[in-house]
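Values in this text are rule-based calculations from the coordinates and carry no lab data. From a predicted model like this one, the values you see are computed outputs, not experimental measurements. Here Cβ is always computed from backbone atoms with ideal geometry, including for glycine, and neighbour counts include all displayed protein chains.
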Amino acid sequence: MNKMSDNLTIAQISDTHIDATARLNSYTQLDVREQLHTVLQALAQKKLDLLILSGDLAATAGEIEAYSWIQGALKIMPCPYIVMAGNHDDVKNMALVFNLPANDITGNMLYFKRNIKGK
């Protein structure tokens with residue numbers, strides 16, 4: 001068996017803090033949408049098996065508009081991705097936008113497992 005086929009290449013992005021409508025983060029005054037877009041463009045050129053977006057995808061209250069923008073930005077990714085909730089996120093809104101199975105949600109907690117490359 002080829003050992004290389006057993007490897008997984010995973011990238012992780014955390015704390016994107018995307019606002020529902022504003023491009024600039026209210027605290028840092030950085031254009032977080034442009035920054036995420038730039039990072040995703042670079043990652044799309046890599047041979048990733050999985051992209052993980054871990055926590056605080058949204059800036060404040062987990063607005064559907066923020067998740068919808070992120071979902072649109074992720075369309076350039078040739079690999080699967082998973083989203084994880086942080087304290088600024090709304091699990092029910094994430095489930096709605098990212099089409100997460102209802103059985104993955106318990107209260108405001110998001111639990112799941114995914115098979116990547118049969119693993």
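Values as computed for the structure displayed
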| quantity | calculated |
| --- | --- |
| Cα-projected label distance for Ile52 with Ile116, points at 7 Å along beta-carbon direction, nm | 0.7 nm |
| Total charge dipole magnitude, the range 3-110, about the Cα centre, Cβ charges on Lys, Arg, Asp, Glu only, Debye to nearest 20 | 380 debye |
| Gly62 long-range amide H proximity, modeled H, under 5 Å | Asp90 |
| Cβ-based exposure ranking for Ile10, Ile70, in which fewest neighbours within 10 Å come first | Ile10, Ile70 |
| Cβ-derived FRET efficiency at R0 22 Å, Ile76 paired with Leu96, nearest 0.05 | 0.50 |
| Gyration tensor verdict on the range 3-110 (Cα atoms; rounded if a/c is under 1.5, prolate if a/b is larger than b/c, oblate otherwise) | oblate |
| Full-stretch length increase - Ser68, Thr28 - with 0.36 nm per residue and alpha-carbon distance subtracted | 12.2 nm |
| Ser14 paired with His37, simple spin-label distance in nm, labels 7 Å along Cα-to-beta-carbon | 2.6 nm |
